[in-house]
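Beneath this line is the structure, given in structure tokens, with notes to follow.
The values are calculated or read from the model by the stated rules, or taken from the named source; none is laboratory data. These numbers were taken from a predicted model, which means no experiment stands behind them. Here the Cβ is made from the backbone with ideal geometry for all residues, glycine too, and neighbour counts use every protein chain on show. Note: areas computed on protein heavy atoms with side chains; ligands, DNA, RNA excluded. Shrake-Rupley method; radii C 1.70, N 1.55, O 1.52, S 1.80 Å.
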Amino acid sequence: MTSDVKVIDGGFSTQLVTHVGEVIDGDPLWTSRFLYSNPDAVFQTHLDYLRAGSHVIETATYQASIPGYVKYLDRTEEEALQLIKTAVELAKKAVRVYKEEIKGKDVSNPEPMVAGSIGPYAAYLHDCSEYTGGSYANIESMDSIVEWHRPRFEALINGGVDLLAIETIPCAREAEALVGLLKQYPDTKAWLSFSCKVDGKSIADGSSFKQTVLKCYKAASGQIVACGVNCLAPRSVTPLLKSINEKEINQFIPMVAYPNSGEKYSSTTFSWTIDNDFHPPEEFVKDWLDIGVRYIGSCCRTGSKDIERIAAEVKSWTKSRLT
């Protein structure tokens, strides 16, 4: 497999359920609660994805925050910060164990990386606003939101992640603010992934996907390794990605894509359903790689088997490029 294409992991909560055997969706801390209640299950979930072929695994910190742990787990701020550091330790432990397992074996992912998951402020609000547009960005002070993000940024960076996964960002203002925060840590790399509408041109708050990506990518001075989309139905991803590298842009921007399973999510019933236009992520992998995706995986409602199928498609695409 070419070194410039990285398979990332899938939906953490979906795979975690196989180890904890209880409902996760609907919890205000989501998967980050298990850093406290069942860290071994978090470790095992990381290991599942490494065994499935992931080059990059994400920490279980999408919905982790200092205020969240204080509010919902009655932890002190210091204890909350330690839980975020624990997320890095568990992911790095999984990498160590996996590398011992594969000694002497020919695998596609011999040197896995750990990405520190940075979800939006909306994830803390736990009101689905990362999918409905992030209206909080017009109410809350962006400076206060940046300071809310900062402790997690620093804990993940100081913990030794290889890069950050700034993901499911629903509004341009928060994306630009997070890029500004990233620049305060100039040795840190990140990918930037948006929550988008199904219209093929807008992020969740209605801002232009293309213009927001170009502005953020240019502002990051080489720190952003890819820009793209996550947690959108696979069939809606391609038009957004194609807009990034149109001819008039005059530069190649690497992309990241990790859609959901293709099922439809209801923010009112908190449930997923399959409709007649269901298409799983692996059906689109080769097309996305052709247009410049270099980090590829899946998101909600997908597990390690989905990553195995995506990794197989990446391997097939790579082989065809070499022949």
| Which label marks the calculated value of Cα Rg over 2.2 N^0.38 Å, given the options (i) 1.08; (ii) 1.34; (iii) 0.92? | (iii)
| From a point 7 Å beyond the Cα of Glu77 in the direction of its Cβ, which residues of the stretch 146-169 have a backbone N at a distance under 20 Å? | 146-159
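Roll a 1.4 Å probe over the protein chains and send me the accessible area per residue for the chain in Å².
On the way: 13680 Å² over 323 residues.
Accessible area per residue: 42 Å².
Helix-only mean residue ellipticity at 222 nm, the chain, DSSP H runs n ≥ 4 weighted -39,500 (n - 2.57), per residue, nearest 500. What is it?
Working: 13 runs with 141 residues, N = 323.
Taken over the chain, the calculation gives -13000 deg cm²/dmol.
Span-like helices, the chain: DSSP H, alpha-carbon axial extent 24 Å or more, mean Kyte-Doolittle -1.0 or greater, which ones?
On the way: long enough: 77-101 (37 Å, -0.44); 142-159 (26 Å, -0.36); 304-322 (27 Å, -0.77).
Those that pass (Cα extent of 24 Å or more, hydropathy at least -1.0) are 77-101, 142-159, 304-322.
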| message | Given a 1.4 Å probe and heavy atoms of the protein chains only, how would you sort Arg235, Arg309, largest accessible area at the top? | response | Arg309, Arg235
| How many angstrom separate the Cα center of the stretch 1-53 from the Cα center of the stretch 96-146? | 12 Å
| query | When all protein chains stay in place, what accessible area (Å², nearest 10, 1.4 Å probe) is found for Thr14? | reply | 50 Å²
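Calculate what fraction, in whole %, of the accessible area of the chain sits on carbon and sulfur atoms when a 1.4 Å probe is rolled over the protein chains.
Working: 6650 of 13680 Å².
It is 49 percent, rounded to a whole number.
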| Given +1 on the Cβ of Lys and Arg, -1 on the Cβ of Asp and Glu, and no further charges, what dipole in debye does the stretch 6-322 carry about its Cα centre, rounded to the nearest 20? | 960 debye
